[in-house]
């Protein structure tokens, strides 16, 4: 029935900060970008492998309830070849990461970092 995830939607408050983070720092490519006048917000579609990330910029969106234990999406995880190398790249781009640890169940390396609005993002081997 379900083949793969088509897209994941993320909401940010600050157009410049969010776009800079996801495009310039994380390296996602903009597929399309639209300003929605009737909502006074932006919708930026980003390529992430075969999936897409829909980045909505909504100035007055409420803050995330907690980190990361609120109901709903817990975090967004990206598979990488090397967590340690990716951490070095993220840190060099000014993105702070948590210490690298091993997943209790898979034994693979993983760690977390945050987007400009505090959304927890994970990298996992």
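Observations on the structure shown:
- No other residue among 64, 74, 32 is within 13 Å of the chain's Cα centre (by Cα) and either at positive phi or in contact (Cβ under 8 Å) with a residue 12 or more places away in the chain (or both) apart from 74.
- Among strands (runs of 3 or more DSSP E) entirely within region 5-108, having at least 1 residues that are closer than 17 Å to residue 119 by Cα singles out 7-12, 41-48, 51-57, 76-79.
- The residues in region 1-19 that are without any contact (Cβ under 8 Å) to a residue 60 or more places away in the chain and over 10 Å from the mean Cα position of the chain (by Cα) can be counted, and the count is 10.
- Test for residue 94: is it in the same structural domain as residue 125 (by TED's automatic domain parsing) and farther than 18 Å from residue 124 by Cβ: yes
- The set of residues from region 95-116 being out of contact with any helix residue (DSSP H, G or I) (no Cβ under 7 Å at 6 or more places or on another chain) and either in contact (Cβ under 8 Å) with a residue 40 or more places away in the chain or surrounded by 11 or more Cβ atoms within 10 Å (Cβ to Cβ) (or both) comprises 98, 101, 102, 103, 108, 112, 114.
- Counted residues, region 80-92 - those being surrounded by 12 or more Cβ atoms within 10 Å (Cβ to Cβ) and either under 24 Å from residue 51 (Cβ atoms) or touching a residue at least 40 places away in the same chain (Cβ under 8 Å) (or both): 7
The values are calculated or read from the model by the stated rules, or taken from the named source; none is laboratory data. These numbers were taken from a predicted model, which means no experiment stands behind them. Neighbour counts are summed over all protein chains in view; Cβ atoms, including those assigned to glycine, are modelled from backbone coordinates with ideal geometry.
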